[in-house]
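The values are calculated or read from the model by the stated rules, or taken from the named source; none is laboratory data. Since the structure is predicted, the reported quantities are computational estimates derived from the model, not experimental observations. Cβ coordinates were reconstructed from backbone atoms using ideal geometry, including for glycine residues, and neighbour counts include every protein chain displayed. In case anyone asks, the SASA skips ligands and DNA or RNA and just uses the protein heavy atoms, side chains included. Shrake-Rupley method; radii C 1.70, N 1.55, O 1.52, S 1.80 Å.
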Amino acid sequence: MKYPPLKSLHLRLTSKCNMNCKYCYADAIENECSDNIFSEKIINKLIEESLKLGLEKVTLIGGEPTISDYFKYSLYKILNDTKDILIDIETNGLIILQYYEILKKNKSRIDVAISFDDKSIRGEKKYNKIISILDKLKNETDWVYVQSIITNDNVKNGDIFNMIDYINSLKLGHRLFPGPNKMGRGIDSDYLEWSNTERVIKYCEKNKIDNVRFELPDYMKSRQSKSCGWKNFRCEIMPNGNVTPCGPTAFNNPEFIAGNILNDSLSTIWKNSTFFQWLRNIKQNEFEGKCNTCKHWINCLGKCRSFAWSWGGSIYSEYPHCREFDKSSISIINDSVKPDTRYLF
């Protein structure tokens, strides 16, 4: 049976978190879920199997991965037992400085993404704590970047612009997400008005802020990277052992599961599961709205499926912001983007 390489493995080491953020899609809490299956033996096996399947990068994620009992073990395991596997760490940053020396030493293989949001999302005390941590990481632009969410509120009150200016002053990369997922603790959130996304794009252009990357489809202005590979090359292991291409989606849609590593090996699930076979065979003409006919679909594959599903109701829902093109007051299309088949299989 034909199958693609497993290039990107996400280890969702824990469901617990030392924050309580307003829009958390995982609804992460202080206590660990009772069915967390991670152990040194399981991590060893997952890395070993993934290497044979074509592994290029491992992402350590949670909850908050740095408070997992197996964060340090996973980090050192990958660094010491593989030569060129890249590591991404998605963290709220509260205790990341404990690992500063080992991370900086291996910065050619590591990217650390630190979440940074306004006080209404994080609370003033932890907001100020993250400020103090980011100050210590100033100019570490080759291995640290920041992730923030744009909301109607933080555009209206100006907080997002202050955050953009601050991160720019630190010379760090800044990834901006246009609106929360309507899931987890964000289930009652308001849809981000496109006019507010435009305000942020215009602000960055006017002030020549070039460290910002908007999490938008590839052909939109300020978008600088490709699909996450959800359809073909990406795989997540959830804290309970479930295997899925997308943790945020699986947290809120139990049917988006390919199997469980307690029942079958990762290799067996990746190669043979009916779920992954179905996913790899999804065609553009099955998508809804603008995604159904968009000439750029080959590049972005409908963009973030968890975001689209949370607002549209299905895996086939159009990417919500693409509905807004006709209302746009600025040129948002980057005509230089060419078709890219790397993410097709």
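For the stretch 163-203, the Cα-based Rg and Dmax, in that order, read 12.7, 34 Å. Accessible surface of F116, taken over heavy atoms with a 1.4 Å probe and every protein chain present, rounds to 0 Å².
Note on the stretch 51-73 and the stretch 153-178: Cα centroid distance 28 Å, given to the nearest whole angstrom. The computed Kirkwood radius over Cα pairs in Å for the structure shown corresponds, within (i) 23.3; (ii) 22.6; (iii) 20.7, to (iii).
Counting only heavy atoms of the protein chains and using a 1.4 Å probe, C304 has close to 40 Å² of accessible surface.
Under a straight-distance cross-link criterion of Cα-Cα below 24 Å, which lysines are reachable from K16, leaving out those fewer than 8 residues away in the same chain? Reachable lysines: K41, K45, K57, K72, K77, K119, K125, K126, K129, K182. Would you mind getting the Kirkwood hydrodynamic radius of the stretch 193-285 from its Cα pairs, rounded to one decimal in Å? About 15.8 Å, per the Kirkwood formula over Cα pairs. Computed over the chain with a Gaussian network model linking Cα atoms closer than 10 Å, the most mobile of E288, E324, E236 is E324.
Pairs of Cα atoms in the stretch 1-146 fall into 5 Å distance bins, from 0 up to the last occupied one, in shares of 2, 9, 18, 21, 19, 15, 9, 4, 1, 0, 0 percent. The heavy atoms of Y191 present about 50 square angstrom of accessible area, all protein chains included, probe 1.4 Å. Out of all DSSP beta bridges with both ends in the chain, state the antiparallel percent to the nearest 5. So the antiparallel bridges in the chain amount to around 15 percent. Between K271 and D210, what's the calculated FRET efficiency when r is the beta-carbon distance and R0 is 41 Å? Round to 0.05. Between K271 and D210 the formula returns 0.45.
Each peptide in 255-264, 148-157 receives the mean, over its residues, of other Cβ atoms within 10 Å, and ordering these scores from highest gives 148-157, 255-264. Restricting the calculation to Cα atoms, the stretch 47-94 shows an Rg/Rh of 0.98 when the hydrodynamic-style radius is the Kirkwood one.
Over the chain, with every protein chain in place, what whole percent of the accessible area is carbon and sulfur at 1.4 Å, could you tell me?
Of all accessible area on the chain, carbon and sulfur atoms account for 47 percent.
Applying 0.36 nm per residue to the separation of D88 and E324 and subtracting their alpha-carbon distance, the gain on full extension is 81.8 nm. If you plug the beta carbon distance of K129 and K72 into 1/(1 + (r/R0)^6) with R0 = 30 Å, you get a FRET efficiency near 0.90. The residues of the chain expose on average 44 square angstrom of accessible surface per residue, using a 1.4 Å probe on protein heavy atoms.
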